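Everything below concerns the one structure shown next.
Laboratory data are not the source of any read-out in this text; all were calculated from the coordinates shown. What you are looking at is a predicted structure, and each value in this text was computed from that prediction instead of being measured. Ideal geometry is used to build each Cβ from the backbone, glycine not excepted, and the neighbour counts take in all protein chains shown.
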Amino acid sequence: DVELKARNLVRLDQEPIQISGQVQPHGILLVLEEPNLKILQVSTNTQSILGISPEQMLEKTLEDLLDPFQIERIQTGLFQDSLDYLNPTKIWMRIRGDEYVVFDGVFHRNPDHFLILELEPATSQENIPFLSFYHLARMSINQLEETASLHEFCQIIVQEVRKVTAFDRVMLYKFDEEGHGVVIAEEKIEELEPYLGLHYPESDIPKPARKLLSANWIRIIPDASAQAVALFPYKNPQIERPLDFTHSTLRSASSCHLQYLKNMGVGASLTISLIKDGELWGLIACHHRTPKYVSYELRKACEFLGRVIFSELSSREETEDYDYRMKLTYIRSALIDFMSQGENFIEGLIRHQPNLLDLANAQGAAIYFGGKWTTLGATPKEEDLNFLVQWLKKNTEKEVFSTNCLPRLYSDAERFKEVASGLLAITISERNYVLWFRPEVIQTVNWGGDPSKAIEATQSEGVVQLSPRKSFELWKETVKLQSLPWKPVEINAALELRKAIVNIVLRQADELAQLAH
Ligand code: BLA
């Protein structure tokens with residue numbers, strides 16, 4: 001059963017969701033040949049929206065469907081470096097006699113270089129004039145500049161996005177190192193149960209979905225229970241396979257995700273990616289209980305708002321990091337001074353304020369040098385330390401090692417978990433070490449549904465069907481044998497200290513050698 005689950009997880013990570021071959025039914029997708037704009041493929045909902053069958057559509061070029069002045073504008077746009085000049089283009093299409101349908105047209109070229117035109121019915125939804133949007137963004141930014149904490153800042157982001165979109169629930173969702181996520185800010189209508197503080201497992205957003213979220217910064221599913229429509233013909237006639245829809249706005253979502261939304265009671269969703277240094281940092285996730293459409297322009301406005309606000313958010317995060325880094329740099333230079341003034345470097349690390357503990361915000365530290373232990377604060381017993389360094393030697397070849405769950409890697413450590421569930425270690429030379437310890441901190445993690453049952457696999461006639469969990473009810477996990485995590489800046493500070501110690505030890509060895517002569 002475990003093996004089956006593992007195999008299924010691998011499959012989830014490889015599902016080619018970008019080539020679904022299906023689109024959401026609220027718009028029309030056309031694959032066009034350039035430069036003649038002949039229609040190569042079309043979504044099969046043209047009959048109901050335009051009154052023209054997909055077969056008839058394939059006999060046409062875009063020129064047969066649009067007035068010449070529109071074609072001219074499009075042709076000019078297609079020659080520009082970026083299709084952004086063209087998007088969105090209002091497109092009037094004549095159906096029966098004098099009747100017109102108005103669409104927001106969005107062009108892109110897919111990875112196989114086919115031109116794709118997606119038509120979404122232009123709604124009577126008020127266009128937000130640029131100026132009022134600018135005003136909104138300015139206001140938000142001013143407000144943001146006044147807020148003190150990162151937390152308050154995130155709260156304003158969700159407030160603003162909810163103000164412009166009017167979704168029932170807007171969340172700021174942040175990923176951790178393992179890919180799990182947590183809701184760090186939320187705005188919602190009162191009736192809904194809060195998701196604030198809940199964690200969701202990595203498998204809720206499989207790898208291919210993350211890749212799409214990084215490529216396409218905004219995704220809308222206006223009706224999670226709408227029946228998807230196929231493309232006609234299914235395979236592209238020129239490359240004889242279904243097309244890659246990575247950048248399509250209409251691509252229908254995978255059935256697993258649609259089931260997920262249904263199980264959560266979500267009728268429509270809007271997802272805005274938050275990218276930092278090319279990596280998916282988090283999401284703004286919007287939910288509505290009933291179907292809800294958001295125009296292309298408003299979506300772009302949200303994307304913009306997300307981008308502007310997020311760049312402020314990440315610089316804020318860096319500032320907090322920066323202040324701490326400066327503090328550690330100061331501690332390190334103090335330690336270096338103490339080490340070079342004293343007779344031996346070990347005294348310098350433990351005798352003064354600040355000391356070795358402060359460099360890594362640890363509760364215990366131990367130095368093994370010349371076959372002797374020197375300890376500070378709460379540490380395991382000497383005998384345990386001896387075994388621990390033997391284990392370290394076998395298990396790490398790097399200059400630095402860190403874990404916040406030592407007992408899980410080295411089971412003997414469970415004996416002294418109260419002082420050393422977390423270990424940060426540097427190797428001075430082959431047999432000499434500096435170790436820092438942190439105690440066990442028992443934590444409760446609130447999950448949106450039991451993470452060990454995140455995926456249900458059912459087997460019928462030899463075919464395995466994967467589906468998301470049905471219950472998202474609060475599930476409390478007690479996490480033991482774990483300390484607070486070591487921050488990258490702390491690990492870095494330890495590495496920097498290592499360099500200084502190595503220098504000082506070498507110099508002192510030199511001086512000794514000179515004395516001997
Ligand atoms: C996609 N899953 C997603 C997306 C989100 C989540 C935000 C991207 C949606 C989009 O692009 O519009 C998950 N949504 C969440 C979470 C919250 C939320 C965690 O609001 C928290 C509040 N998912 C599963 C299982 C499978 C699965 C079991 O849980 C597969 C069997 C699949 N999720 C899945 C897939 C996608 C997805 C395939 C991509 C959908 C697509 O774009 O086709």
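Taking H as built 1.01 Å from N, whose amide H comes closer than 5 Å to the amide H of ARG289, not counting residues under 5 places away?
Under 5 Å from the amide H of ARG289 lie the amide H atoms of ASP168, GLY267, each far enough along the sequence or on another chain.
For a label point 7 angstrom out from the Cα of GLU33 toward its Cβ, which stretches of the range 232-249 have the backbone nitrogen within less than 20 Å?
Taking a point 7 Å out along Cα→Cβ of GLU33, the residues of the range 232-249 whose backbone N falls under 20 Å are 232-244.
Quick check on the chain: what does the Kirkwood estimate of hydrodynamic radius come out to from the alpha carbon pairs, in Å?
27.2 Å
Net charge near PHE310, counting Lys/Arg +1 and Asp/Glu -1 over other residues with Cβ under 14 Å of its Cβ?
Computed value for this residue: -3.
Is there a pair in LYS211/LYS300; LYS90/LYS235; LYS174/LYS476; LYS381/LYS499 whose C-alpha atoms are over 24 Å apart, and which pairs would that be?
From LYS211/LYS300; LYS90/LYS235; LYS174/LYS476; LYS381/LYS499, over 24 Å: LYS90/LYS235; LYS381/LYS499.
How far, in nm, would the chain grow between LEU150 and ASN395 when pulled straight, counting 0.36 nm per residue and subtracting the alpha carbon separation?
Extra length from LEU150 to ASN395 when fully extended: 84.4 nm.
Can you work out the FRET efficiency for the pair GLU511 and ASP277, with r the C-beta to C-beta distance and R0 = 45 Å, to the nearest 0.05?
The value I calculate is 0.50.
Can you tell me, using C-alpha contacts under 8 Å and at least 6 residues apart, the relative contact order of the chain as a whole percent?
So the answer I get is 13 percent.
In deg cm²/dmol and to the nearest 500, what is the mean residue ellipticity at 222 nm of the chain if only DSSP H runs of at least 4 residues count, each as -39500 (n - 2.57), divided by the residue total?
For the chain, the value works out to -12000 deg cm²/dmol.
Give me the distance in nm between label points sitting 7 Å out from Cα along the Cα-to-Cβ direction at THR290 and ARG498, one decimal.
6.1 nm
Work out from phi, with θ = phi - 60° and the Karplus expression 6.51 cos²θ - 1.76 cosθ + 1.60, the ³J(HN,Hα) of each residue of the range 214-230, listed in order in whole Hz, and give x for Gly and Pro.
6, 7, 10, 7, 9, 9, 10, 10, x, 8, 5, 9, 5, 6, 5, 10, 7
Between ASN446 and ASP64, what is 0.36 nm times their sequence separation minus the Cα-Cα distance? Round to one decimal in nm.
Here the segment from ASN446 to ASP64 would lengthen by 131.8 nm.
If you take the beta carbon distance between ASP337 and GLU193 as r and set R0 to 56 Å, what does 1/(1 + (r/R0)^6) give as a FRET efficiency, to the nearest 0.05?
Calculated value: 0.50.
Report, by chain and number, residues whose modeled amide H sits under 5 Å from the one on ILE275, excluding near sequence neighbours (fewer than 5 apart, same chain).
TRP281
When only DSSP loop residues count, what chymotrypsin sites (Phe, Trp or Tyr not before Pro) in the range 63-108 have their Cβ near at most 14 other Cβ atoms within 10 Å?
Sites meeting the loop and neighbour criteria: PHE79.
With the radius of gyration and the Kirkwood radius both derived from the Cα set of the range 20-121, what is their ratio Rg to Rh?
In the range 20-121, Rg relative to Rh is 0.93.
Please compute P(r) over all alpha-carbon pairs of the range 474-514, binned at 10 Å starting from zero, and give each bin as a whole-number percent.
22, 24, 21, 17, 10, 5, 2
I need the phi-derived Karplus couplings for the range 236-252: 6.51 cos²θ - 1.76 cosθ + 1.60, θ = phi - 60°, integer Hz, Gly and Pro marked x.
Listing the rounded values in order: 5, x, 8, 10, 6, 8, x, 7, 7, 10, 3, 9, 6, 8, 9, 2, 7 Hz.
Could you calculate the contour length gain from GLN75 to LEU474, that is, 0.36 nm times the residue separation minus the distance between their Cα atoms, to one decimal place in nm?
Gain in length upon complete extension: 138.2 nm.
Ordered by residue, what ³J(HN,Hα) values in Hz, to whole numbers, does the range 336-350 give under the Karplus form 6.51 cos²θ - 1.76 cosθ + 1.60, where θ = phi - 60° and Gly and Pro are x?
With coefficients 6.51, -1.76 and 1.60, one gets 5, 4, 4, 5, 7, 6, x, 6, 10, 5, 4, 3, x, 7, 10 Hz.
Can you sort CYS286, CYS256, CYS302 from fewest to most other Cβ atoms within 10 Å of each residue's own Cβ?
By the 10 Å Cβ count, ascending: CYS256, CYS302, CYS286.
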